[in-house]
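Written out below as structure tokens is the structure these notes cover.
The values are calculated or read from the model by the stated rules, or taken from the named source; none is laboratory data. What you are looking at is a predicted structure, and each value in this text was computed from that prediction instead of being measured. Here the Cβ positions follow ideal geometry from the backbone for every residue, glycine too, while neighbour counts run over all protein chains shown.
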């Protein structure tokens, strides 16, 4: 006689001793159930990596629990991002889907860092699929801040649409400078941290370039951004080496929902670690 045992999906995801007793088929079934439940309750199908023990509601919809699990080391505290955030009272993160949290329930890559800066005003101005020119055209709508952390460019590399993309590294830097200039007019005493275009894995369905071509172009844009930052004394971070190294030794699905988007558990923690670990 078959015996059916029921467990809350949250326990399946977060209790190690329980997960070790389950097969990959069991986990897949739990993921299917979570997708069905969240689609009915929230009218939005959520990946199982975004599951939380409790969901809270207000007039705008549901509020999920904040992503946790990041332990900041002393080395990270001496890194570029932590040092910059420590000096600012207001911080605005600007970016594309990775910053918006487009596919993981609205969890931006930096969310695990927020608990270390509870006294700061942290804002997010981002849009999934956007290129640098999208932000440049909307710079007047970006909130005023003492520090801007800008992570843009991966879609310029991936989409190769000359109507919206910076098609060369030089064009990319011109757009970055235009955005920075407009933000400086908005907030004259602001500081900047620029993050290299995010790495994306093989099998990216939205990029017609080969994986090698895409990676080389992403590296080219990143190098151009690094040189731009050196020439103008802006802070620069390249998290891609850290991310690639993690994905080399672990299955992509441990951290990613697809070819580029970190999940709301281990993924955003790893991305936060990658950015915080970068030293000048």
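Against the condition touching a helix residue (DSSP H, G or I) at 6+ places or on another chain (Cβ under 7 Å), farther than 15 Å from residue 99 by Cβ and either without any contact (Cβ under 8 Å) to a residue 40 or more places away in the chain or in a helix (DSSP H, G or I) (or both), how does residue 165 come out, does it pass? First the steps, then the outcome.
Numbers: touching a helix residue (DSSP H, G or I) at 6+ places or on another chain (Cβ under 7 Å): yes; farther than 15 Å from residue 99 by Cβ: yes; either without any contact (Cβ under 8 Å) to a residue 40 or more places away in the chain or in a helix (DSSP H, G or I) (or both): yes.
Considered against the rule, which asks whether it is touching a helix residue (DSSP H, G or I) at 6+ places or on another chain (Cβ under 7 Å), farther than 15 Å from residue 99 by Cβ and either without any contact (Cβ under 8 Å) to a residue 40 or more places away in the chain or in a helix (DSSP H, G or I) (or both), residue 165 comes out as yes.
Tell me, which residue of the range 94-108 that is closer than 13 Å to residue 132 by Cα and either buried (at least 23 other Cβ atoms within 10 Å of the Cβ) or at pLDDT below 95 (or both) is farthest from the chain's Cα centre (by Cα)?
Our first condition is that a residue be closer than 13 Å to residue 132 by Cα; within the range 94-108, this holds for 94-97.
Checking the rest, the ones that are also either buried (at least 23 other Cβ atoms within 10 Å of the Cβ) or at pLDDT below 95 (or both) come to 94-96.
Working: 94: 10, 95: 8, 96: 8 Å.
That would be 94.
Out of 200, 190, report the one residue that is touching a residue at least 40 places away in the same chain (Cβ under 8 Å) and over 30 Å from residue 35 (Cβ atoms). Give the steps one after another, and end with the answer.
Values: 200 fails: over 30 Å from residue 35 (Cβ atoms).
Just a single option satisfies the conditions, and that option is 190.
It is to be established whether one or more residues within the range 142-158 are surrounded by fewer than 17 Cβ atoms within 10 Å (Cβ to Cβ), in the same structural domain as residue 207 (by TED's automatic domain parsing) and either under 24 Å from residue 216 (Cβ atoms) or more than 16 Å from the chain's Cα centre (by Cα) (or both). Walk me through it before giving the result.
First, pick out the residues of the range 142-158 that are surrounded by fewer than 17 Cβ atoms within 10 Å (Cβ to Cβ): 143-144.
Still in the running and in the same structural domain as residue 207 (by TED's automatic domain parsing): 143-144.
So of that shortlist, the ones also either under 24 Å from residue 216 (Cβ atoms) or more than 16 Å from the chain's Cα centre (by Cα) (or both) come out as 143-144.
Yes: the range 142-158 contains one or more residues that are surrounded by fewer than 17 Cβ atoms within 10 Å (Cβ to Cβ), in the same structural domain as residue 207 (by TED's automatic domain parsing) and either under 24 Å from residue 216 (Cβ atoms) or more than 16 Å from the chain's Cα centre (by Cα) (or both).
Considering the range 141-162 alone, what residues qualify as being part of a loop (DSSP other than H, G, I, E, B) and closer than 17 Å to residue 214 by Cα? I'd like the intermediate steps shown before the answer.
Residues of the range 141-162 part of a loop (DSSP other than H, G, I, E, B): 142-146, 152-153, 160-162.
Listed by number, the residues that qualify are 152, 153, 160, 161, 162.
Are any residues in the range 210-222 within 21 Å of residue 173 (Cα to Cα) and surrounded by fewer than 22 Cβ atoms within 10 Å (Cβ to Cβ), and if so, which ones?
Within the range 210-222, the subset within 21 Å of residue 173 (Cα to Cα) is 213-222.
Matches in the range 210-222: 213, 214, 215, 216, 217, 219, 220.
Name the single residue that is surrounded by the most Cβ atoms within 10 Å (Cβ to Cβ) among those in the range 71-93 being in a loop (DSSP other than H, G, I, E, B) and in contact with a strand residue (DSSP E or B) (Cβ under 7 Å, 6 or more places away or on another chain).
Residues of the range 71-93 that are in a loop (DSSP other than H, G, I, E, B), as a first pass: 71-73, 78-79, 88-89.
Those still in the list that are in contact with a strand residue (DSSP E or B) (Cβ under 7 Å, 6 or more places away or on another chain) too: 88-89.
Numbers: 88: 20, 89: 11.
Filtering first and then ranking leaves 88.
Across the range 170-193, which residue is farthest from the chain's Cα centre (by Cα) among those that are farther than 11 Å from residue 133 by Cα and surrounded by 21 or more Cβ atoms within 10 Å (Cβ to Cβ)?
If we take residues in the range 170-193 being farther than 11 Å from residue 133 by Cα and surrounded by 21 or more Cβ atoms within 10 Å (Cβ to Cβ), then 183 is farthest from the chain's Cα centre (by Cα).
Can you tell me which residue in the range 262-271 is farthest from the chain's Cα centre (by Cα), limited to those that are crowded, with 23+ Cβ neighbours inside 10 Å and farther than 16 Å from residue 244 by Cβ? I'd like the intermediate steps shown before the answer.
Within the range 262-271, the first condition is being crowded, with 23+ Cβ neighbours inside 10 Å, and the residues that meet it are 262-265, 267-268, 270-271.
Narrowing further to those that are farther than 16 Å from residue 244 by Cβ: 263-265, 268.
Details: 263: 9, 264: 10, 265: 12, 268: 6 Å.
Result: 265.
Among the residues of the range 231-263, write down those that are within 25 Å of residue 78 (Cβ to Cβ), without any contact (Cβ under 8 Å) to a residue 24 or more places away in the chain and part of a helix (DSSP H, G or I).
231, 232, 241, 245
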